[in-house]
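Below is one structure, written out as structure tokens, with a few remarks after it.
Derivation of every value follows stated rules applied to the coordinates shown; laboratory data play no part. On a predicted model such as this, the values are computed, not experimentally measured, just so you know. All Cβ positions, glycine included, derive from the backbone under ideal geometry; neighbour counts span all protein chains shown.
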Amino acid sequence: MTRRLPAKERFPRSAVMGVLNITPDSFSDGGVHLQPAAALAEAWHMLDVGAAIVDVGGESTRPGSQPVPVEKELERVIPVVQGLIGAPVSVDTAKAEVARRGLELGAEMVNDVTALRGDPAMAEVVAEFDAYVVLMHMQGEPRTMQDNPNYDDVVSDVCRFLEERVAFALAAGIAEDRIFVDPGFGFGKTLEHNVELLRRLEEICRLGLPVLVGLSRKSSLARLLGDPRGLVATLAASLAAAAAAYERGAWMVRAHDVREHVEALRVAAAVVNA
Ligand code: HH2
């Protein structure tokens, strides 16, 4: 196995991770890419318009979602990863078996929304393949996480959690320069928690690791626009949130609308780096 570059060199700042959900029930694009041919066409399109990596997922983690058995997740994810051999691929999974099969096919990153808590074998798989890994904060589990999210101070609590998960990853043999951290917007958080996390994102960036943010289409943004029951935010709201995150130090942005996010971040980066 060739040695990988440090994460910040492999994915320079303002990189966009394209979201590819192979699920019937994802909150904004459920059912759209269930057929491998449709998924592959979308993945190649995302790469054409500037995605640094495509995040392939076979299990929705939207509030209230139900877990998917490993066989079903493999059936959804693996044909797509197979069709993307040679392209930059991340596997969005909390299951070690799905991660392993994806990495064997050349995926280079595991996006684990449980931050290596969901499957006791996951850390070892990431270490074995020297893969990049995203450690995301979530309070509770998707089925019930929005019932009553509760923090002393959401930013300090998320930082403490991420520090603890990074220490766990390092102890499992994962190199520090393979790790991204993610505050997990919408994962066990109220609208106020999400806004506070975004407003004070610099505190998370001070952990010293590249920060990935996933704000694209999230319902909190729809609620900010005055729709209390809004489930899917507009593109304009998503771009504003991505630019705000970038200005506060975000390194990589996970987004469904890749071309628009690439353009928005190019402008934000030009201003920040001027
Ligand atoms: N958000 C979602 C899924 N995975 N991973 C990271 N690291 N950060 C995020 O914010 C994040 C994530 C939810 O978005 P989506 O994949 O579009 O929806 P669903 O979980 O319903 O498939």
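Does the range 61-71 hold any residues that are more than 14 Å from the ligand (Cβ to nearest atom), charged (D, E, K, R) and in contact (Cβ under 8 Å) with a residue 12 or more places away in the chain, and which are they? Give the steps one after another, and end with the answer.
First, pick out the residues of the range 61-71 that are more than 14 Å from the ligand (Cβ to nearest atom): 69-71.
In the following step, the residues that additionally are charged (D, E, K, R) were identified as 71.
Scanning the range 61-71 gives no hits.
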Test for Asp227: is it among the acidic types (Asp, Glu), under 18 Å from the mean Cα position of the chain (by Cα) and within 23 Å of Asp25 (Cα to Cα) | no
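Do we find a residue being more than 15 Å from the chain's Cα centre (by Cα) and over 15 Å from Pro63 (Cβ atoms) anywhere in the range 132-149?
No, the range 132-149 contains no residue that is more than 15 Å from the chain's Cα centre (by Cα) and over 15 Å from Pro63 (Cβ atoms).
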Taking the range 101-138 on its own, how many of its residues are hydrophobic (A, V, I, L, M, F, W, C), within 15 Å of the ligand (Cβ to nearest atom), assigned to a loop (DSSP other than H, G, I, E, B) and over 20 Å from Val19 (Cβ atoms)?
-> 1
Assess whether Glu75 counts as being in a helix (DSSP H, G or I), of a type in the set (Asp, Glu) and farther than 19 Å from Leu212 by Cβ.
-> yes
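Quick one: in the range 234-257, which of the residues that are in contact with an Asp or Glu (Cβ under 8 Å, 6 or more places away or on another chain) and without any contact (Cβ under 8 Å) to a residue 40 or more places away in the chain is surrounded by the most Cβ atoms within 10 Å (Cβ to Cβ)? Outline the logic, then answer.
From the range 234-257, those in contact with an Asp or Glu (Cβ under 8 Å, 6 or more places away or on another chain) are 235, 238-239, 248-249, 254, 256; that's our starting set.
Restricting the remaining residues to those that are without any contact (Cβ under 8 Å) to a residue 40 or more places away in the chain gives 235, 238-239.
Values: Leu235: 15, Ser238: 25, Leu239: 22.
Ranking the qualifying residues of the range 234-257, first place goes to Ser238.
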Select from the range 21-60 the residues that are part of a strand (DSSP E or B) and near the ligand (Cβ under 9 Å from one of its atoms) and write down the one among them that is surrounded by the most Cβ atoms within 10 Å (Cβ to Cβ).
-> Asn21
Lone unmet requirement of (1) more than 22 Å from Arg223 (Cβ to Cβ); (2) over 18 Å from the mean Cα position of the chain (by Cα); (3) among the aliphatic types (A, V, I, L, M) for Leu191 = (1)
Residues in the range 142-158 that are more than 14 Å from Asn194 (Cα to Cα) and either within 12 Å of the ligand (Cβ to nearest atom) or surrounded by 17 or more Cβ atoms within 10 Å (Cβ to Cβ) (or both): how many?
-> 1
Any hit, the range 28-43, residues being in contact with a Lys or Arg (Cβ under 7 Å, 6 or more places away or on another chain) and farther than 19 Å from Ala131 by Cβ = yes
The one condition Gly86 fails out of (1) more than 19 Å from the chain's Cα centre (by Cα); (2) under 23 Å from Pro210 (Cα atoms) is (2)
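Looking at the structure I just gave you, is Val271 surrounded by fewer than 24 Cβ atoms within 10 Å (Cβ to Cβ) and either among the charged types (D, E, K, R) or part of a loop (DSSP other than H, G, I, E, B) (or both)?
Numbers: surrounded by fewer than 24 Cβ atoms within 10 Å (Cβ to Cβ): yes; either among the charged types (D, E, K, R) or part of a loop (DSSP other than H, G, I, E, B) (or both): no.
Spelling it out, it is not the case that Val271 is surrounded by fewer than 24 Cβ atoms within 10 Å (Cβ to Cβ) and either among the charged types (D, E, K, R) or part of a loop (DSSP other than H, G, I, E, B) (or both).
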